[in-house]
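These notes concern the structure reproduced below.
The values are calculated or read from the model by the stated rules, or taken from the named source; none is laboratory data. Everything numeric here is computed off the predicted structure, so don't read it as measured data. Every residue, glycine among them, receives a Cβ derived from its backbone with ideal geometry; neighbour counts consider all protein chains shown. These area figures cover heavy atoms from the full protein model, side chains too; ligands, DNA and RNA do not enter into them. Shrake-Rupley method; radii C 1.70, N 1.55, O 1.52, S 1.80 Å.
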Amino acid sequence: MAPTNYAEVGGVYLGMDDVIHTLEPGREAAYSDMSIWDIHRTQASLLAWLQPSVMGDVLLSLVDMMVQGGDLPRWPIANVYASCMIGNHAYQILLDGLVKGFTDFNVSQVYGVMKLEAMTSRPHNGRDDLYNYLKYGYCIGGYKNSSVSKTLAYAYDDWAVSEFAQHVGVPEEAEYFLKRSKNYKNLWDEDHKLMCARTVNSSTFHCPLDPELNEWILESGDFTEGRITVMTCNTLSSCGVLWRSCQRVDSLVKYEL
């Protein structure tokens, strides 16, 4: 079962810096093997309610990886930044823990790394096509793979950064990242009622000919492991204005269920 306890007898484990560390008193595990892209909306949040001691160690394990390796992990395996999938969704796990009362980590330190990752290229789990995301407000279709999925993921991550900024008392930075979190709107094609790719500084959208086509291959296409309808509805579920304007919502939800 994942996440797995990477610590051995006596609480020793090999960190992201390839140095042997020992768990602090009160810690039960150094967790790794986390498919964060898969679990940040589901298992991680559930652990906070059902197994809070496990959730506490998950949060501290993420922070330990950050301190030891310099970045928050995207998909840690043992003591390695696997860098699988997209986004920086450890942000949402940490934020979920924070708002539920898990405060045993340095919130300001975590925010500092989140901000760094959101603004600059990083050696581990950096945001691919960050330059265009910052310049145009979306990742460029046809320039980098999974441009739509990445744009939506980065916007969601920016919202989490904004929430952390509020917690550490920097409202101007919170407002900046909150504004960036609206970048998903830049890919909303009103004609098709779908999130679609765009090329450089273009108002032209490029939507799949078949909206129900699965684009499961990570190496190609504008979507990561999912069809365009899934990516659209995952985003719209938290965005009332666009959700209400989506004429195909009923059929999409029925189809997916």
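A few remarks follow.
- Test result for VAL19, among the β-branched types (Val, Ile, Thr) and either in contact with a helix residue (DSSP H, G or I) (Cβ under 8 Å, 6 or more places away or on another chain) or open to solvent by less than 60 Å² (accessible area, probe 1.4 Å) (or both): yes
- The set of residues from segment 23-45 being assigned to a helix (DSSP H, G or I) and either of a type in the set (Ser, Thr, Tyr) or more than 10 Å from HIS89 (Cβ to Cβ) (or both) comprises GLN43, SER45.
- The combined condition, being open to solvent by less than 70 Å² (accessible area, probe 1.4 Å), over 30 Å from SER149 (Cβ atoms) and either at pLDDT 90 or above or assigned to a strand (DSSP E or B) (or both), is not fulfilled by ALA48.
- Residue among SER162, SER146 that is touching a Phe, Trp or Tyr at 6+ places or on another chain (Cβ under 8 Å), small (Gly, Ala, Ser) and at positive phi: SER146
- Residue check for PRO3: surrounded by 17 or more Cβ atoms within 10 Å (Cβ to Cβ) and under 22 Å from GLY112 (Cα atoms): no
- TRP37 modelled with pLDDT under 90, of a type in the set (A, V, I, L, M, F, W, C) and open to solvent by 20 Å² or more (accessible area, probe 1.4 Å): yes
- Segment 68-116: number of residues that are open to solvent by less than 20 Å² (accessible area, probe 1.4 Å), β-branched (Val, Ile, Thr) and assigned to a loop (DSSP other than H, G, I, E, B): 1
- Which listed residue is over 23 Å from the mean Cα position of the chain (by Cα) and not small (Gly, Ala, Ser), from LEU47, LEU23: LEU23
- Considering residues of segment 57-107 that are small (Gly, Ala, Ser) and out of contact with any His (no Cβ under 9 Å at 6 or more places or on another chain) only, the residue farthest from THR120 (Cα to Cα): GLY101
- The residues of segment 150-183 that are closer than 21 Å to ASP128 by Cβ and either open to solvent by 50 Å² or more (accessible area, probe 1.4 Å) or over 14 Å from the mean Cα position of the chain (by Cα) (or both), listed by number, are TYR156, TRP159, PHE177, ARG180, LYS182, ASN183.
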